[in-house]
Amino acid sequence: MPRTHPPLDPELAAVLAVVHDHLSPTITAEDIEDLRANPMFAVPDEALTRNGTVHLQNLSVPGPPGAPDISLLVLKPVGSAPGAPVFYYMHGGGMIIGDHRTGVAGVLD
C-alpha cells in the first residue's frame, strides 16, 4: 500500500524546502553527532541577554547516579526581586538535537 501524507499547506512548502536544505527529513544515529555540532543550532549568549536587560547564568547540577551532570540555563530580568515568579522551560528536541538553549529566544519574546 503506498504511503500517503496529509495535505501540506502550500505556504509552508517553501519553508519546508529551506528546512530540508539544512536538516534531512530522516535522521539516523550516524547523523546525530554532526547535527549537535551544527552552528545553525547554536544560541549565543547575546541572543538571550536582550541587550543587557536579561541576566544569564549557566549552572550545572548532578545528574542521576552514573549519568553526566545536567546543564541549566537561568535567565532573569536584570533587577528582578528575590523570590520573583519563574517560568520553567525545557526543550526535549526528541532528545537527540538541540540543548537547553534551543527555543529559549522565542520564549523570551
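What follows draws every value from the coordinates through simple rules; no lab data is involved. Everything quoted here is computed from the prediction, not taken from an experiment.
Below, the figures for the structure above:
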{"quantity": "Potential lengthening between ASP21 and PHE87 on full extension [0.36 nm per residue; Cα-Cα distance subtracted]", "calculated": "20.4 nm"}
{"quantity": "Principal-axis tilt of helix 10-22 within the chain, Cα atoms, nearest 10 degrees", "calculated": "70 degrees"}
{"quantity": "Shape call, the chain: gyration tensor on alpha carbons, a/c limit 1.5", "calculated": "prolate"}
{"quantity": "Length released on extending from ASP69 to VAL54, taking residue separation times 0.36 nm less the Cα-Cα span", "calculated": "2.9 nm"}
{"quantity": "Segment 10-108 - percent relative contact order, Cα under 8 Å, separation 6 or more", "calculated": "24 percent"}
{"quantity": "Contour excess over end-to-end distance, with Cα ends at LEU12 and ASP109 and 0.36 nm allotted per residue", "calculated": "32.6 nm"}
